Amino acid sequence: MAKATVKKKDEVILALKAIAEEKGISEEMLFETLEDAMIAAYKKNYVNSGSQNVRVNIDRETGEIKVFSLRRIVEEVMDPQDEITLEEAKEIDPRYELLDVVENEVTPANFARVAAQSAKQIVTQRIKEAERSILYNQYHEKEFDVIMGTVQRKDKGNIYIDLGKTETVLTPQEQIPGENYQFNDKILLYIVEVKQNPKGPMISVSRTHPGLVKRLFEKEVPEIYEGIVEIKAISREAGSRTKIAVHSNDPEVEPMGACVGPRGTRVQNIVNELRNEKIDIIKWSKDPREFIANALSPAKVLDVIIMNEGSACKVVVDDNQLSLAIGKEGQNVRLAAKLTGWKIDIKSKKQYEQELLEKAELEETVALTDEALVDTTAEEAETASELIEDTDIQEEDSEA
């Protein structure tokens, strides 16, 4: 009978270790969870057994379970079940001091069998909580990074994606326009946010976020990954076009060439992943006029005039570059404005010269008006002066 009991205890240890390995949970956490669950089971099933302030210990090698009552050493006992005098404690062990805790084994017969059923539900719940916590931590570490998933199903425009240990949803707003997803397709996703949830981590993913482009460049361009070339800004209209501003921290490395790669292979790999989305690689500059001019690529800029104390600018291009600078439905200038953070007003050379001419004419008109006003005022003043003089003469004659 003793051998059977030992064997059963060994099986408990083996079972806990197997669960820990399978679920990726620490063995110690499982043991502590089971001990806490058995404390709760003791308090529930042994209400009239004396002290309810107990500790349960499970031997990590044999699986043997023991229950110990806990009594605090005090000067004056108010609750005999939870307290003991120093004199009584020293009879047990002379080394005890005031406020120490005296432990006394109170393991009931068949406690393991009685407690097992009550503890099972608590342990199962704790294991699920631990699994959810581990999952959350795993994916939270990948926030703002990319992850590969497998398309499982589509429903009302939403794409349900298996991430291996959990599932996420790619909403219509986060899908690249024109992309078609089929069952079992592998899909690269950008993790926008990871939130705790009672049912498991809520993972928000995107294919339209500029962060996806950033991570793809970091993957394809070693100079970016190593920090030699720096991504300064990205503006994106997913599925159509992206502008990315780059800067080299090494004068020997040309940032745009590094991003394009030999025969354009690096940027082409990114374009392929984004389903042929156009990518403009822009050279960043700390000079806003130069940066704005570069951002309007492929259009050639003649001049950039800063206005409104640095919040807006006027850009002048050749007449044949105007439509290219603005872009289809205003896309090029819109992306350039997002990339640079400037409000951009584009004018052709002809339009700008006409504006200057009209401004000059207006200024001339204003000047002539002011001059005429000055002349009129002078004449009126002279007339008034003459009237005053006449009045003074008349008054003198009258007095005479």
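Would you kindly derive the ³J(HN,Hα) couplings of segment 233-241 from the backbone phi angles with the Karplus curve 6.51 cos²θ - 1.76 cosθ + 1.60 (θ = phi - 60°), listing them in order in whole Hz, with x for Gly and Pro?
Per residue, the Karplus-derived 3J(HN,Hα) values read 6, 9, 10, 9, 10, 3, x, 10, 7 Hz.
Using DSSP, restrict attention to beta bridges with both residues in the chain and report what percent are antiparallel, rounded to the nearest 5.
That works out to approximately 75 percent antiparallel.
Return the loop-located trypsin sites (Lys or Arg not before Pro) in segment 204-300 (DSSP other than H, G, I, E, B) with at most 12 other Cβ atoms within 10 Å of their own Cβ; answer none if there are none. Working shown, then result.
Values: sites: Arg207, Lys214, Arg215, Lys219, Lys232, Arg236, Arg241, Lys243, Arg263, Arg266, Arg275, Lys278, Lys283, Lys286, Arg289, Lys300; in loops: Arg207, Arg275, Lys286, Lys300.
Taking segment 204-300 and a limit of 12 other Cβ atoms within 10 Å, the loop trypsin sites (Lys or Arg not before Pro) found are Lys286.
With the Cα gyration tensor of segment 260-365 in hand, give its eigenvalues times 5 under a square root as the equivalent ellipsoid semi-axes, listed largest first in whole angstrom.
Output for segment 260-365: semi-axes of 32, 14, 11 Å.
Determine Rg/Rh for the chain; Rg is computed over alpha-carbon atoms and Rh is the Kirkwood hydrodynamic estimate from the same atoms. Write out the running numbers ahead of the final one.
Values: Rg = 40.9 Å, Rh = 29.8 Å.
A ratio of 1.37.
Figure the gain on full extension for Asn180 and Thr62 (residue separation times 0.36 nm, minus the Cα-Cα span) and round it to one decimal in nm.
Working: separation 118, 0.36 × 118 = 42.48 nm, distance 5.74 nm.
Full-extension gain reported as 36.7 nm.
With springs only between Cα atoms under 10 Å apart, run a GNM on the chain and tell me which of Thr33, Thr85, Thr242 wobbles the most.
Thr85
How long, wide and thick is segment 30-72, going by the Cα atoms along their three principal axes, in whole angstroms, largest first?
Computed over the Cα atoms, the extents are 30, 21, 14 Å.
So if I take the alpha carbon set of segment 2-136, get Rg, then get Rh from the Kirkwood formula, what is the Rg over Rh ratio?
Across segment 2-136, the Cα-based Rg/Rh ratio is 1.05.
Quick one: among Leu99, Leu212, Leu30, which has the greatest mean-square fluctuation in a GNM of the chain with alpha-carbon springs under 10 angstrom?
Its mean-square fluctuation being the largest, the pick is Leu99.
Once you list every other residue whose beta carbon is under 12 Å from the beta carbon of Asp345, what net charge do they have if Lys and Arg are +1 and Asp and Glu are -1?
Residues close to Asp345 contribute a combined charge of +2.
The chain: longest stretch without exposed GluC sites (Glu not before Pro) (DSSP loop, at most 16 other Cβ within 10 Å), sites themselves excluded? Show your work: numbers first, answer last.
Numbers: sites that count: Glu61, Glu64, Glu75, Glu76, Glu97, Glu141, Glu143, Glu179, Glu226, Glu252.
With a cap of 16 other Cβ atoms within 10 Å, the longest stretch comes to 253-400.
Bear in mind these aren't lab numbers, they're just calculated from the coordinates by the rules spelled out. What you see is a predicted model, and the numbers here were worked out from it, not measured in a lab. Don't worry about glycine lacking a Cβ; one is built from the backbone with ideal geometry, like all the others, and counts go over all protein chains shown.
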